[in-house]
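Visitor: If you scroll down you'll find the structure; I have some questions about it.
Read-outs: derived from the displayed coordinates by stated rules, not from any lab. Everything numeric here is computed off the predicted structure, so don't read it as measured data.
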Amino acid sequence: MYIVPEKYRVYFNFAIKKLPQLKDVDIEVIEGKEYTTMACRPDIWKLLIWKRKYNIHVSLPWSTFLTFDQLPEKAKYGIFAHELCHAVDYESCWIRWFINLWISYLTKKGKQKLEEKVDKLTIELGFWRELLELVTFQMISWPAPEKYKKFKKDHYLNPHDIERLVLEYEKKQKENMT
């Protein structure tokens, strides 16, 4: 079951319809205080049971540097695709992996590793154009405070990294077809 406020439904539906692995997964989009524009997290109380639930937290204007409403249209699709790919990734994990993930996420290197893994998944699942639009806006186009740009640079792939990964993925796909 999906609980998504009307404001986000078109962006959520764009990504979810291309992610059959989340067809029977409970996901709720919640507005609240977030350091980043959006974050997908497992519902802690549902983590231990068979049917998990994920919450996608969307920051409110007073709680972050960059809000959802400030994103260009295509980037709004990209951020939902990226966050839903976190849920795809989480669905493949056991509870022990989540504990290791939370511990590693406390480090800069752990965050980088997870975000790169999810960006690769986002590309492989066909959302690379939207992801590239999102990252280009966040890191280049938007006149962000230096603190925000440093955070993004330290933890996420940049547009050139994404373009490189897209080319590598497409090359691999062509090789597999021959």
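Visitor: Using modelled backbone amide H atoms (1.01 Å from N, in-plane), which distant-in-sequence or interchain residues come within less than 5 Å of N55's amide H?
Guide: Amide H to amide H, under 5 Å and 5 or more residues apart or across chains, N55 pairs with E28, R41, D43.
Visitor: Take every Cα pair under 8 Å in the range 1-145 that's 6+ residues apart, average their separations, divide by the length, and report that relative contact order as a whole percent. List each step's numbers first, then the result.
Guide: Values: 198 pairs, mean separation 34.2, N = 145.
Relative contact order for the range 1-145 comes out at 24 percent.
Visitor: For a quick check, take a GNM of the chain with Cα springs below 10 Å and name the residue from R164, R41, R129 with the largest mean-square fluctuation.
Guide: R164
Visitor: Would you kindly work out the equivalent ellipsoid of the chain from its C-alpha gyration tensor and give its semi-axes, the square roots of five times the eigenvalues, largest first in whole Å? Provide the component values of the computation, followed by the final result.
Guide: Numbers: eigenvalues 101, 91, 62 Å².
Value: 22, 21, 18 Å, ordered largest first.
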